[in-house]
Each structure stands twice: as C-alpha cells, then as structure tokens.
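To start, the structure itself, in structure tokens.
Readers should treat all values here as calculations from the given coordinates under stated rules, not as data from a laboratory. Since the structure is predicted, the reported quantities are computational estimates derived from the model, not experimental observations. Backbone-built Cβ (ideal geometry, glycine too); neighbour counts: all protein chains shown.
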Amino acid sequence: MRSVGLITEYNPFHNGHLHHLQQSLQQCEADAAVAVMSGHFLQRGEPALVDKWRRAEMALQAGVNLV
C-alpha cells in the first residue's frame, strides 16, 4: 500500500484542492492520502475562515483518508 502526504490548510476546501488531491494520488500511484492540516490559525498566523473540525470533515468527504 502506497500513501501520499499533503501539507494543507483547506481554508476552505475547494475544487482546486480536490484536483490537487486527485492528481497527487494518481501521480504517486498511491492508495491513500494523509493530510497534515493547519489548526484554528493558519501557517501565516491568521485565523481560519472555517474551524479545523469542519475543514477536516470536508477533506475526509473529498477522499483524504487521514487528517
């Protein structure tokens, strides 16, 4: 089983993120995707538009296997 790791913010999750996820899985020939995601504050220190729990839920619904 091959996995791909993604460093993400998903603020909020959109079609560009979905495309990135699908292409990453395809190009890496991976069976699973693991996303390391920002919490309530983003990488630049600003607050997220959507809370981390909802962003994680959106990622899981889109096909990420572990957030």
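Brief remarks follow.
- Shown here for the chain: GluC sites (Glu not before Pro) in loop regions (DSSP other than H, G, I, E, B) with at most 13 other Cβ atoms within 10 Å, namely Glu29.
- Taking amide H atoms as placed 1.01 Å from N in the peptide plane, the amide H of Val4 lies under 5 Å from those of Ala32, Ala33, Val34, each 5 or more residues away in sequence or on another chain.
- Using C-alpha pairs under 8 Å with a sequence gap of at least 6, the mean separation divided by the residue count of the chain gives a relative contact order of 39 percent.
- Here the chain is described by how far its Cα atoms reach on the three principal axes: 35, 18, 17 Å, from widest to narrowest.
- The chain - share of DSSP beta bridges that are antiparallel (%, nearest 5): 10
- Using θ = phi - 60° and Karplus 6.51 cos²θ - 1.76 cosθ + 1.60, couplings along the stretch 42-52 (whole Hz; Gly, Pro as x): 7, 4, 8, x, 8, x, 6, 5, 10, 5, 4
- Helix-only [θ]222 nm of the chain, DSSP H runs n ≥ 4, -39500 (n - 2.57) each, per residue, nearest 500: -11000 deg cm²/dmol
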